[in-house]
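What follows is one structure encoded as structure tokens, with my remarks underneath.
The values are calculated or read from the model by the stated rules, or taken from the named source; none is laboratory data. Model, not experiment: these values are computed from the prediction. Glycine gets a Cβ as well: all are built from the backbone with ideal geometry, and neighbour counts include every protein chain shown. Quick note on the areas: whole protein, heavy atoms, side chains included, nothing else; ligands and nucleic acids left out. Shrake-Rupley method; radii C 1.70, N 1.55, O 1.52, S 1.80 Å.
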Amino acid sequence: MSETDDLDLRSLDDDELALQMHDDLYDGLKDEIEESVNILLERGWTPYDVLTKALVEGMRIVGIDFRDGILFVPEVLLAANAMKAGMKILRPLLAETGAPSVGKMVVGTVKGDIHDIGKNLVAMMMEGAGFEVINIGINNPVENYLEAIEEHKPDILGMSALLTTTMPYMKVVIDTLKAKGIRDDFIVLVGGAPLNEAFAEAIGADAYCRDAAVTVEIAQDLMQRKHNIRGGGTDSSAA
Ligand code: B1M
């Protein structure tokens, strides 16, 4: 859809460039997205602003047209690929702004679901806030979560689902934790567009996280409470 193959991205002012990035994401132009991310960073934009104002906003527009049948899976895959390329540049920069590890989180998308952009964004933002994050990817059966928990001993278990058909699987994971008597060893956070607070409560999660920024706030808050309950000492399970 872009008529601007030879467009000099550097000639655009910041607002024009952010809008151009929405178009380029829409068109799945990975190289242009990478270049624009670098330009905005050079111009002094914070990594967080590049992420939210240029990339996430662009992906929101893609989502609307996917919903309305204007874009189809192949186009959305290209957009997702371009989005990921931009996120790859920002990831270490967001992590740099963080404090020393304030807790550990295992996060993954549930079985049957291959959406990972939002979950990866959450992982990046949590890293940026100083959490150690073990990202176990997509399409995770309960065994994968159990294995990661056993290996990494996290403070937080995060699950993502973007489909109404896969969100019930979160309950399968939580029920398995309960059956094993380890549910209360973790803060369980869930997120993904079709979820809401009532659902999170119904399946026995500790909180529903609307977006990546909210996830960080909730994680910090619940970690703080966990420390307070334990008398404010260092939590050895986070080691
Ligand atoms: Co899919 N898809 N998709 N898709 N896709 C949706 C989810 C959909 C809403 C589109 C639509 O119809 N409007 C719809 C679901 C409808 C429903 O279930 N009711 C849908 C469908 C139907 C499908 C397929 C079935 C399509 C098909 O094959 N016919 C298929 C399913 C594949 C599968 O998983 N088995 C499918 C496939 C795909 C692609 C592969 C093409 C691609 C995924 C690429 C990828 O992720 N690598 C894709 C995409 C990109 C989307 C949309 C357009 C965008 C999702 C996204 O990345 N959003 C999406 C439409 C939409 O959501 N508006 C759609 C941007 C991201 C930043 O936001 O993921 O919401 P989000 O994450 C947020 C929060 O939700 C929250 O924080 C994130 C950051 O702020 N959050 C968490 C998310 N996870 C969290 C975990 C946490 C905390 C917070 O843990 C603690």
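Tabulated data for the structure shown
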quantity	calculated
So Leu157, is it in contact with a His (Cβ under 9 Å, 6 or more places away or on another chain) and under 23 Å from His115 (Cα atoms)	no
Members of the stretch 166-181 found to be free of Cβ contacts under 8 Å to residues at least 40 places away in the same chain, assigned to a loop (DSSP other than H, G, I, E, B) and farther than 12 Å from Phe199 by Cβ, listed by number	Lys180, Gly181
Any hit, the stretch 90-103, residues being open to solvent by less than 60 Å² (accessible area, probe 1.4 Å) and either within 7 Å of the ligand (Cβ to nearest atom) or among the aromatic types (Phe, Trp, Tyr) (or both)	no
Hits in the stretch 35-67 (condition: open to solvent by 20 Å² or more (accessible area, probe 1.4 Å) and either within 8 Å of the ligand (Cβ to nearest atom) or of a type in the set (Ser, Thr, Tyr) (or both))	Thr46, Tyr48, Thr52, Val56, Met59, Arg60, Gly63, Ile64, Phe66, Arg67
Unique residue being modelled with pLDDT of 95 or more, among the hydrophobic types (A, V, I, L, M, F, W, C), open to solvent by less than 60 Å² (accessible area, probe 1.4 Å) and away from the ligand (no atom under 15 Å from the Cβ) when the list is Ile187, Ile182, Ile203, Ile174	Ile182
